[in-house]
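Have a look at the structure below, then the notes.
The values are calculated or read from the model by the stated rules, or taken from the named source; none is laboratory data. Predicted, not measured: the structure shown is a model, and the values here were computed from it. Note that we place each Cβ from the backbone using ideal geometry, even for glycine, and neighbour counts take in every protein chain shown.
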Amino acid sequence: MADAPNNPTHDQRPDRELVRTFLRTRGENEFRALYRRHTPALYRIACRLVGPSRAEDVVQETWFRAARNIGDFKWRSALPTWLTGILIRCCRETWRGDSDVRSLPVEETADEPEVEVSPGRILDLERALEALPPGYREVLVLHDVEGFTHEEIARSLNVVPGTSKSQLARARKALRQRLESTALSSENGEATR
């Protein structure tokens, strides 16, 4: 596409080329192309981690920090992985002021099978996901919702892949327990939590 460099909406240049040009020229078109390419996924993750009311602010802070520090990015991971790491740090800062943030329990569990959810229980799933401790929610959203590998999650969270795997197992178990509790409450005619 001949006009791609001047049209950030349709810019098909690879991330590395856009970043290189942005660093050299501080070009608005390159930044806009990166922003438009990666913001939808960042916003989706932020909505799952901090809720829609805070997601936009967290994504904006992510881009502010990314623009300031992109020159230090070493390309050891994909750009979306690096951006997600920044996003997660911003989400964690948001949680620090929350009174409902809990520490993650340390326990050993085996990998759990995937949770199957019928379409009628989507709202219950969303509520159960919101009730998870932030660390569990991070790994579950990144792996099961966004499709990140354990290696990518480990790089984003500055942990080893084994930690990502164990957190995912614990998150799935906690989510399953919450959904089972909600289902029992619904069957008994009680209001869901």
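Inclusion of R44 among residues that are touching a helix residue (DSSP H, G or I) at 6+ places or on another chain (Cβ under 9 Å) and not small (G, A, S) is warranted.
Going through (1) modelled with pLDDT of 70 or more; (2) exposed (fewer than 13 other Cβ atoms within 10 Å of the Cβ); (3) over 28 Å from C90 (Cβ atoms) one by one, R176 falls short only on (2). Just name the residue that is nearest to the chain's Cα centre (by Cα) out of those in the range 135-168 that are in a loop (DSSP other than H, G, I, E, B) and not polar (S, T, N, Q). Ranking the qualifying residues of the range 135-168, first place goes to E146. Among the residues of the range 47-67, the one identified as closer than 17 Å to P80 by Cα and hydroxyl-bearing (S, T, Y) is T62.
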